[in-house]
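Structure, as structure tokens:
The values are calculated or read from the model by the stated rules, or taken from the named source; none is laboratory data. Only a predicted model underlies this, so the values are computations on that prediction, with no experimental measurement involved. Cβ coordinates were reconstructed from backbone atoms using ideal geometry, including for glycine residues, and neighbour counts include every protein chain displayed.
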Amino acid sequence: MSLELVGLCVDVAGRRVVTDVDLTVPDGHVVGLLGPNGSGKSTLLKTLYRVNRPSAGRVLVDGTDLLALPPRQAARRIAVIAQESSVEFDFTVLEMVLIGRTPHKRVFDRDDHTDLAAARHAIDRVGCAHLADRSFNTLSGGEKQRVLIARAIAQDADHLILDEPTNHLDIRYQVEVLELVAGLGVTVLAALHDLSLAALFCDSVHLLAQGRLIAGGPPAQVITTDLVRRAYGAEVLIVDHPETGTPHLIPRRARR
């Protein structure tokens, strides 16, 4: 087992937001974390990268307590792409990607040939070589996500955590970003809003509602009309994707 959440509970401002979550992300798999706004997806993911501390339970990476590892060592195992993508300083794309090399250096070490080679390889891999000298803050949303994925590649971690990586992107960039993530060959846990895209790209999905997991497994077992109604309070039609056979959601108008 690669990444395991065991009995995870998280309290925020004295209120329990995530309750008794047990979840496994096997090596090399892409696993989706689904649920409506306010269901606890971001709170759960922030616990994995130390923004939140669990009130109970453990997070294990290959059987080792992730939260007990020194920060630098933990960052060599898990890379994160959070929802917020703007930065305060005017970094170039190359400089942003080089930040991913931080866990592999000591304090005040300069970037060396190894770091530059890793960063340029990562930029090439995501198809952003032509943007290397551009200011990160001038990029489109889809371009920023590609650069952040390049930073994660340069970090050389074998686990990737993504919090709504396709948020605010048009359909072209949504598909491109998820194709890129799915092709990295690392272990991925991603919070996703679009259930049809989650079904298309994830090996398995887990559905949160009010901070509790109510279902987990292959997309066809979890993305059903009954479970969507239970978690989201929405009425949808679900059909098989004509090419992949994965669940595809069709919204329904409220009856009048």
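Structural remarks
- Every test in (1) more than 26 Å from GLY185 (Cβ to Cβ); (2) in contact with a strand residue (DSSP E or B) (Cβ under 8 Å, 6 or more places away or on another chain); (3) modelled with pLDDT under 95 is passed by ALA56 save one, and that test is (3).
- Flag for ARG16 being touching a residue at least 24 places away in the same chain (Cβ under 8 Å) and under 30 Å from ARG229 (Cβ atoms): yes
- Neighbours by Cβ (under 7 Å, 6+ apart or cross-chain): first from region 110-135, touching a residue at least 12 places away in the same chain (Cβ under 8 Å); second in a helix (DSSP H, G or I) and surrounded by fewer than 15 Cβ atoms within 10 Å (Cβ to Cβ): ILE123/ALA129
- Selection within region 124-172: residues that are over 19 Å from the mean Cα position of the chain (by Cα) and among the hydrophobic types (A, V, I, L, M, F, W, C). The member of this set that is nearest to VAL30 (Cα to Cα) is CYS128.
- Matching option when the condition is over 26 Å from ALA191 (Cβ atoms) and small (Gly, Ala, Ser), among ALA150, ALA119, ALA79: ALA119
- In the set (1) closer than 30 Å to ASP62 by Cα; (2) in the same structural domain as LYS46 (by TED's automatic domain parsing), ILE123 fails one condition alone, (2).
- Complete set of residues in region 69-117 that are surrounded by fewer than 11 Cβ atoms within 10 Å (Cβ to Cβ) and under 22 Å from VAL6 (Cα atoms): PRO70, PRO71
- Spans of strands (runs of 3 or more DSSP E) in region 147-225 with at least 2 residues in contact (Cβ under 8 Å) with a residue 60 or more places away in the chain and on the phi > 0 side of the Ramachandran plot: none
- Restricted to region 1-92, the set of strands (runs of 3 or more DSSP E) holding at least 2 residues that are closer than 20 Å to ALA209 by Cβ comprises 3-12, 15-25, 30-34, 56-61.
- Any hit, region 45-53, residues being assigned by TED's automatic domain parsing to the domain that holds SER140, at negative phi, surrounded by fewer than 18 Cβ atoms within 10 Å (Cβ to Cβ) and without any contact (Cβ under 8 Å) to a residue 12 or more places away in the chain: no
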